[in-house]
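Engineer: The structure under discussion is supplied below as structure tokens; questions concerning it will follow.
What follows draws every value from the coordinates through simple rules; no lab data is involved. Being a predicted model, the structure only gives us computed values, none of them experimental. Note that we place each Cβ from the backbone using ideal geometry, even for glycine, and neighbour counts take in every protein chain shown.
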């Protein structure tokens, strides 16, 4: 698998009449790759992975792998709050053609640091795919601290972390705790893309890349090319758009944005519901302000 680097999209899952819209999903995957996205990340938080069936999970990952055709890695969301189920998810993703698994910290259970370590150790040993840790305490009620990340990073098969704690110094804390030089530190918040890169990170798993893939890829490319001023301009330009994409629970706003762009149906799966009228107005205003989206 190619090294995780650059802008990777936390891909939405299109639904139509309650079912997976595979044609729309494949079109999104192709568009993302054409626009320079460096990796597809289906079935995560933005992909409503918690509410897709096992069969849908397989079909989503397989569709992404088939559209990627090895050009970019497919990192399949596989996390749950049950270690055995998580391992089954990873095994299924491998069968479907994924290159790696994105595994969120177990939600609801609130495991201790030792529980987190043992969970990821078991998944890495038994799942059959390289594992990217995923820390998003706003959704899980547990924060995976730097020492635990560093401990997991030394396990065979754990290759990186998507860090979405909202703590701007966490990447530096993880580095200070000691991780292997090839361990991929990835931003999990769009507005932390440039700070993460500047702190030694390798990229971002992005929500906003769903609607502005070329621009997010361009931000990363500019930084890697040494054009910090261009990367700074891109990060600043994203600010209002990012706020709008999180004005209500993700992925409600970004799905509305993609619907307004004519790319998907606006459907979500309960318990998520379509964005409110006021939220839709805010999203559309941000899209117009950003330019080139509507």
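Engineer: Please work out the FRET efficiency for the pair residue 169 and residue 228, using the Cβ-Cβ distance as r and a Förster radius of 25 Å; give the result to the nearest 0.05.
Structural biologist: E between residue 169 and residue 228, to the nearest 0.05, is 0.80.
Engineer: Mean separation of Cα pairs under 8 Å and 6+ residues apart, divided by the residue count of the chain: what relative contact order is that in percent?
Structural biologist: 18 percent.
Engineer: In addition: If you rank 58, 224, 120 by fewest surrounding Cβ atoms within 10 Å, what's the result?
Structural biologist: 224, 58, 120
Engineer: Under the rule of -39500 (n - 2.57) per DSSP H run of 4 or more residues, summed and divided by the residues of the chain, what mean residue ellipticity at 222 nm is obtained, to the nearest 500 deg cm²/dmol?
Structural biologist: Mean residue ellipticity at 222 nm (helix-derived): -14000 deg cm²/dmol.
Engineer: Another question, then. What's the exposure ranking of 211, 33, going from fewest to most Cβ atoms within 10 Å?
Structural biologist: Working: 211 23, 33 20.
Final ranking by Cβ density, sparse to dense: 33, 211.
Engineer: Turning to a different aspect of this structure: State the extension gain, in nm to one decimal, for the chain segment bounded by residue 112 and residue 239, taking 0.36 nm per residue of separation less the distance between their alpha-carbons. Please list the in-between numbers first.
Structural biologist: Details: separation 127, 0.36 × 127 = 45.72 nm, distance 3.45 nm.
Here the answer is 42.3 nm.
Engineer: Okay, next question. Suppose the chain between residue 122 and residue 84 were pulled fully straight at 0.36 nm per residue; how much longer would it get relative to their current alpha carbon spacing?
Structural biologist: Fully extending the segment from residue 122 to residue 84 adds 12.8 nm.
Engineer: Most fluctuating residue of 104, 242, 254 in a GNM of the chain with Cα springs under 10 Å: which is it?
Structural biologist: 242
Engineer: So, one more: Can you compute the FRET efficiency between residue 198 and residue 138 using 1/(1 + (r/R0)^6), with r the Cβ-Cβ distance and R0 = 25 Å? Round to the nearest 0.05.
Structural biologist: That gives a FRET efficiency of 0.60.
Engineer: Please figure out what share of the DSSP beta bridges in the chain is antiparallel and state it in percent, rounded to the nearest 5. Provide the component values of the computation, followed by the final result.
Structural biologist: Numbers: 2 of 28 bridges.
Here the share of antiparallel DSSP bridges comes out near 5 percent.
Engineer: When 43, 152 are ordered from fewest to most other Cβ atoms inside 10 Å of their Cβ, what list results?
Structural biologist: In order of increasing Cβ crowding within 10 Å: 152, 43.
Engineer: Of the listed peptides 279-288, 77-86, what is their order by residue-averaged count of other C-beta atoms within 10 Å, with the highest listed first?
Structural biologist: The peptides rank, most packed first, as 77-86, 279-288.
Engineer: Also, quick follow-up: By how many nm would the segment from residue 147 to residue 3 lengthen if fully extended, with 0.36 nm per residue of separation less the alpha-carbon distance? Don't jump to the answer; show the numbers that get you there.
Structural biologist: On the way: separation 144, 0.36 × 144 = 51.84 nm, distance 2.34 nm.
Fully extending the segment from residue 147 to residue 3 adds 49.5 nm.
Engineer: Another question, then. Choose one answer from 155, 102, 185: the residue with the largest mean-square fluctuation in a GNM of the chain with alpha-carbon springs under 10 Å.
Structural biologist: 155
Engineer: Let me ask you something else. Over segment 95-161, what number does the Rg to Rh ratio reach, with both radii from the alpha-carbon atoms and Rh per Kirkwood? Present the calculation step by step, with values, prior to reporting the outcome.
Structural biologist: Working: Rg = 11.4 Å, Rh = 12.0 Å.
Over the Cα atoms of segment 95-161, Rg/Rh equals 0.95.
Engineer: What is segment 206-260's relative contact order, in percent, from Cα pairs under 8 angstrom and six or more apart in sequence?
Structural biologist: Working: 36 pairs, mean separation 20.0, N = 55.
About 36 percent, as a whole number.
Engineer: Could you identify which residue out of 56, 66, 114 has the top mean-square fluctuation in a GNM of the chain using Cα springs shorter than 10 Å?
Structural biologist: 114
Engineer: For the chain, report the convex hull volume of the alpha-carbon atoms normalised per residue, in Å³, without decimals.
Structural biologist: Dividing the Cα hull volume of the chain by its residue count gives 113 Å³.
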